[in-house]
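Q: Okay, handing you the structure first.
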Amino acid sequence: MFPPHRHFICARVDGIAGYVERVKRCYPGYLDDNAVSRYFRRTCPQFLVSMGSVMEKGRPINRRTFDKFRSLVRWLRNRPYLCDTELTIDNGGYQVQQGFMTAAEIPAFTQRFYDLITYSALSIDWTFTLDLAPGKVNIFESEAQLTHLNDLSYSLASRLPEAVRSRVIYIEHFRTLELLRVWENLHRKELAGEFFNFGTGGLASSRKRKKPPCIDYVIPLIRALRDARARGLREFRYHVLGASQFQYLLAHSLFERHIREVHGIEVCITCDSTIVFSKFATSYAVPVVDLATSSLHDISLRSVDLNAITPCGMTNLAEFAYNTRVVLEPYGMKALAPEYGLIYRPGPEGDILTPLAYMYGLLLYINNFHVVERWCRSAVERLYPVFLEGRQDLFLTELAAVLSRITESVPTPRRIQTTADMARRILHSLHMLSNLDWDYAKFIVDRYLNPR
């Protein structure tokens, strides 16, 4: 039986740790190692760091790159506030999809990565098979070359010592017919049978023709469940590289509950994302929790918005300071006063967000995943019996109501329709997870995802 887990894994832990160190150095008295450690143990005990952190497009990827990554992982493990957390390392597959290397460089990169996790004695909990797929940039000359390079990668991974292989998650791509054929080839060779945990990738770089009638990652999850049943596996971890928006947390919780009910298998669904960086860094918008209504709304830290009024009746600046007091102060961090000078400082081209405000914004954002997941797991206890009773209309209505509360977006007519569509996709996914019809799953790829 898996120990209690969280769905959300925070990626870019190297960026988080960098900001913690900077705030400790530049703003003494606001946070320390013990306070941050207490915060992470409670709200976000799972992190990911990627090889992509040390890769640069146009620069050769060689032994020095891996030495740099090895040093980075060890530096992270030596941070006192990360010592009690789970650490996953990603292998740079996303960077392959962005054209950071040529196809000719992949065999050497693959061997070095597997050597890294086998011989470096790094204190890590999880990693992934090196999955190769076209993305924004297609470095592969043909399907045959793509098949060959994945065969090389997965064959090497299947021969890793079991102590290493048990921590390697077998990743499967699915979003085009070409990728289905590539992974069908691996499946025929029974390479998946050498692994005990599974997952899927490519969601962040996929270009969908139109939205499928199910939650995307249910397609490869069906194959993983079919294989698990055939092998007699009673539990496994399933990692989704992406799919970490708040609404997906409800889908993850429902799917875990349903799989346990129908197939008697304990699946631990996890997901990772850099969304706390990508959204906050570009928009300065921080979702915050309204405990009175069990809902979310955004506050804006853009300088022109600081005095605008939020749904709670406070200014953005006042509500940001209030949340640092309510959320962060109990862990031993010093709350922010609602003062412009703590949020902004002069920059070469105008005022810029202070490292202290940026760090606190990230911490508030991360806390939301902890709170929303608790809401979702509680909601599943109410929703799932309605589904079991076959009251689908009531299930969809109540499911959409929960989905509406756990999005920070304003409930416009378009957003309401999108939420209703999401509820229907979750319901359809539950039926697919009951039937485990692989032919139907492939039909969905052909009909909705495969480019024409």
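Values quoted throughout were computed directly from the atomic coordinates according to the rules given, and no laboratory measurement underlies them. Since we're looking at a predicted model, the values are computed, not measured. For neighbour counting, all protein chains shown are included, and Cβ atoms are generated from backbone atoms with ideal geometry for every residue, glycine included.
Q: Specify the inter-centroid distance of segment 398-443 and segment 99-151, based on alpha-carbon positions, in whole Å.
A: 33
Q: Work out, step by step, the length gained on full extension between R424 and R42: first 0.36 nm times the residue separation, then minus their alpha carbon distance; give nm to one decimal. Please list the in-between numbers first.
A: Numbers: separation 382, 0.36 × 382 = 137.52 nm, distance 3.30 nm.
Length gained, R424 through R42: 134.2 nm.
Q: Then there is this: Along segment 347-353, what does the Karplus equation 6.51 cos²θ - 1.76 cosθ + 1.60 (θ = phi - 60°) give for ³J(HN,Hα), rounded to whole Hz, x for Gly and Pro?
A: x, x, 10, x, 5, 10, 5
Q: Name the longest site-free stretch of the chain, where the excluded sites are GluC sites (Glu not before Pro) in a DSSP loop with no more than 14 other beta-carbon atoms within 10 Å.
A: Values: sites that count: E56, E141, E190, E339, E349, E389.
That would be 191-338.
Q: Something else: Starting with the fewest neighbours, write out R237, R345 ranked by other beta-carbon atoms found within 10 Å of each beta-carbon. Intermediate values should be presented prior to the final figure.
A: Numbers: R237 18, R345 14.
The fewest-first ordering by Cβ neighbours comes to R345, R237.
Q: Let me know the charge dipole size of segment 8-279 about its Cα centre in debye, to the nearest 20, where only the beta-carbon of Lys, Arg (+1) and Asp, Glu (-1) is charged.
A: Working: 39 positive and 29 negative charges, 116 e Å.
I would put it at about 560 debye.
Q: Taking the number of other C-beta atoms within 10 Å as the exposure measure, put H7, H258 in order starting with the fewest. Intermediate results must be reported in sequence, preceding the final value.
A: Values: H7 25, H258 20.
Ordered by Cβ neighbours within 10 Å, fewest first: H258, H7.
Q: Would you mind classifying the chain by shape? Square roots of the alpha carbon gyration tensor eigenvalues, ordered a ≥ b ≥ c; an a/c under 1.5 is rounded, otherwise it is prolate if a/b is larger than b/c and oblate if not.
A: Since a/c reaches 1.5 but b/c is at least a/b, the shape of the chain is classed as oblate.
Q: Which net charge results for the neighbourhood of E178, defined as the other residues with beta-carbon distances under 12 angstrom from its beta-carbon, given Lys and Arg at +1 and Asp and Glu at -1?
A: Numbers: positive: R175, R181; negative: E143, E184, D446.
Combined, the nearby Lys, Arg, Asp and Glu give -1.
Q: Another question about this same structure. List the pairs from K210/K442; K57/K279; K211/K442; K24/K279 whose alpha-carbon separation is above 19 Å, in the order I gave them.
A: Numbers: K210/K442 15 Å; K57/K279 23 Å; K211/K442 15 Å; K24/K279 24 Å.
As for pairs spanning more than 19 Å Cα to Cα, those are K57/K279; K24/K279.
Q: Using the Cα gyration tensor of segment 122-185, with a ≥ b ≥ c the square roots of its eigenvalues, what is the shape: rounded (a/c below 1.5), prolate (a/b larger than b/c) or oblate (neither)? Present the calculation step by step, with values, prior to reporting the outcome.
A: On the way: a/c = 2.30, a/b = 1.98, b/c = 1.16.
Taking the square roots of the gyration eigenvalues as a ≥ b ≥ c, segment 122-185 is prolate.
Q: For T85, T412, T418, what ranking results if the residue with the fewest other Cβ atoms within 10 Å of its Cβ goes first? Write out the running numbers ahead of the final one.
A: Details: T85 19, T412 9, T418 16.
Lowest to highest Cβ neighbour count: T412, T418, T85.
Q: Now a separate question. Sort segment 344-398 into rounded, prolate or oblate with this rule: let a ≥ b ≥ c be the square roots of the eigenvalues of the Cα gyration tensor; rounded if a/c is under 1.5, and if a/c is not under 1.5, prolate when a/b is larger than b/c, oblate otherwise.
A: Values: a/c = 9.70, a/b = 3.68, b/c = 2.63.
Prolate.
Q: Under a plain spin-label model, where a point goes 7 Å from the Cα along Cα-to-Cβ, how far apart in nm are E389 and R374?
A: Label-label distance for E389 and R374, simple model: 2.8 nm.
Q: Given 0.36 nm per residue, what is the gain on full extension from D290 to I416 after removing their alpha carbon distance, in nm? Before the final figure, lay out the partial values.
A: Details: separation 126, 0.36 × 126 = 45.36 nm, distance 1.96 nm.
Net length gain for the segment: 43.4 nm.
Q: Among residues other than R405 whose Cβ falls under 12 Å from its Cβ, what is the net charge (Lys/Arg +1, Asp/Glu -1)? Kindly include the intermediate steps, with their values, before the conclusion.
A: Numbers: positive: none; negative: D290, E398, E408.
Around R405, the charge tally is -3.
Q: Could you work out how far apart the two model spin labels at R325 and D33 are, taking each label as a point 7 Å from the Cα in the direction of the beta carbon, and quote it in nm?
A: Reported label-point gap for R325 and D33 is 3.1 nm.
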